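The values are calculated or read from the model by the stated rules, or taken from the named source; none is laboratory data. Remember, it's a predicted structure, so these values are computed and weren't measured experimentally. Positions of Cβ are generated from backbone atoms using ideal geometry, with glycine treated the same way; all protein chains shown enter the neighbour counts.
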Amino acid sequence: MAYTESRNGISWPPPKVLPNYFRDKDYTHACRLSVVDHGPDWPVPNKRFVMAVDSQIRSGTRVAYVRIFTSADGLDWTLLTNKPGIAHNNDITSLHWDPIRKQYIAIASQVIAGITGLARVPHQSESKDLINWSPKRQIIQPNLAPIEMYARNLNDGTTQFYGMSGIVVRGELMIGLVKVLQDHLNATPGKTAAEMGSPGRAYAGYGYTVLAWSRDGHTWQRDHEPFIPRNRVPGTFDYAMSWGDAQVITDLETLIYYGGYKRGHKVNRTKERQLVLARMPRDHYVSRLAGPNVGRLLTKPLVLKARSLTVNANVRGTGRVRLLDSKRKPLDGFGWVEFKGDSVEHKIDWS
């Protein structure tokens, strides 16, 4: 395990290798880690940092447990409890804090029997104290399109959902990044797996990231179009895979960190996998483009539990906003307000 930190999220110094805190006679650890930082004002200083670690039983089975470590500084870690955590049988886990419901969320990858066979699918469990966890449950489903059917076995190759991570809270909405693997295709059509660097496999596979969202921290919906698409230029570092892992919200931007793979899922893992930074204007997960003509947008009826309203828009001319009632009639006192320019939070003032 190594540690590095950045003041701007863009420039990172070389990481510092930390001691091995995970040695255990009963478990092996592949150092698949996920960390929550509660910040300097957290009321329990020695638990400001919380880390989930995948710990596989030494018996040689695929059974693994999510074990929890805590730290005051992110450098010196202590195992929270010897009690086994969430059991699962795959290799990707992420840990998150839900500030709305004051609970931790663990997302563990699980190999299950699907519609036509086995598949890797994210499962979720919650805990208030990091010791007692709710039974895990599947949170991501394939649709019935042929491209998203489960494999007959893990070596056949088809769509799988490797994990979900990078969850952020925006208002009452939680937004996560789902890793999608198309293990029945090659990044370059017409080439064999061997030509892509995966001899012995039917396909080299490629992957991308889609968005998922939840309004209750329990039930998730997801998109099917790539949010972080793979690069379509052969030879680029993210030509085959673009798997999202973390989101950092700043005043003006959302910084998104993802893994880029050059040729395929299992190709030259130590040299062809890169950590990549993508930047977008804050909260630009979904947008509407007006084009050269006048654009109009009417929302569904909704209840705003807020004292103010802002608009995230890049307006080349003049934008206007007003509120309507359920019959689409203007509300008294909430008529047209104009705004101009590019801002992630045009303030709408009806005073």
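Conditions (1) part of a loop (DSSP other than H, G, I, E, B); (2) in the same structural domain as LEU173 (by TED's automatic domain parsing); (3) within 29 Å of the chain's Cα centre (by Cα), marked per residue:
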residue	(1), (2), (3)
GLN274	no, yes, yes
LEU277	no, yes, yes
LEU298	yes, no, no
VAL303	yes, no, yes
THR310	no, no, yes
VAL315	no, no, no
THR318	no, no, no
SER326	yes, no, no
Residues in region 260-275 that are buried (at least 19 other Cβ atoms within 10 Å of the Cβ) and among the β-branched types (Val, Ile, Thr): how many? 1
Answer from VAL44, VAL53 - the residue that is of a type in the set (Val, Ile, Thr) and either over 22 Å from the mean Cα position of the chain (by Cα) or outside the structural domain of ASP245 (by TED's automatic domain parsing) (or both): VAL44
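Quick grid of which residues meet (1) in the same structural domain as GLY166 (by TED's automatic domain parsing); (2) crowded, with 17+ Cβ neighbours inside 10 Å; (3) modelled with pLDDT under 95:
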position	(1), (2), (3)
ALA30	yes, no, yes
LEU75	yes, no, yes
THR93	yes, yes, yes
ARG101	yes, no, no
Is one or more of the residues making up region 50-60 of a type in the set (Asp, Glu) and at pLDDT 95 or above? no
Regarding region 229-242, can at least one residue be identified that is without any contact (Cβ under 8 Å) to a residue 24 or more places away in the chain and within 15 Å of the chain's Cα centre (by Cα)? yes
What's the number of the only condition in (1) surrounded by 10 or more Cβ atoms within 10 Å (Cβ to Cβ); (2) within 29 Å of the chain's Cα centre (by Cα); (3) in a loop (DSSP other than H, G, I, E, B) that TYR257 fails to meet? (3)
Odd one out for LEU75 among (1) touching a helix residue (DSSP H, G or I) at 6+ places or on another chain (Cβ under 6 Å); (2) touching a residue at least 60 places away in the same chain (Cβ under 8 Å): (1)
Would you be able to tell me the number of residues in region 188-231 that are at pLDDT 95 or above, exposed (fewer than 13 other Cβ atoms within 10 Å of the Cβ) and of a type in the set (D, E, K, R)? 1
So for region 57-66 (the condition being within 29 Å of GLY171 (Cβ to Cβ), surrounded by 21 or more Cβ atoms within 10 Å (Cβ to Cβ) and either within 22 Å of the chain's Cα centre (by Cα) or in contact (Cβ under 8 Å) with a residue 40 or more places away in the chain (or both)), does at least one residue qualify? yes
Report, ordered by the first and then the second residue, all pairs with beta carbons closer than 7 Å, sequence separation of six or more or different chains, a first member in region 208-228 that is more than 19 Å from HIS265 (Cβ to Cβ), and a second member that is modelled with pLDDT under 95 and charged (D, E, K, R). LEU211/ARG222; LEU211/ASP223; ALA212/ARG222; ARG215/GLU172
Picking from LYS25, LYS47, LYS16, the residue that is exposed (fewer than 12 other Cβ atoms within 10 Å of the Cβ), under 23 Å from ILE131 (Cα atoms) and among the basic types (Lys, Arg) would be LYS25
So which of ALA106, ALA87 is modelled with pLDDT under 95, in a strand (DSSP E or B) and touching a strand residue (DSSP E or B) at 6+ places or on another chain (Cβ under 6 Å)? ALA87
Run down LYS300, LYS305, LYS329 and say which single residue is loosely packed, with under 12 Cβ neighbours inside 10 Å and modelled with pLDDT of 95 or more. LYS329
Kindly list, by first and then second residue, each pair from a residue in region 1-23 that is of a type in the set (S, T, N, Q) to a residue that is exposed (fewer than 11 other Cβ atoms within 10 Å of the Cβ), limited to pairs with Cβ atoms under 6 Å and residues at least 6 apart or on different chains. THR4/PRO13
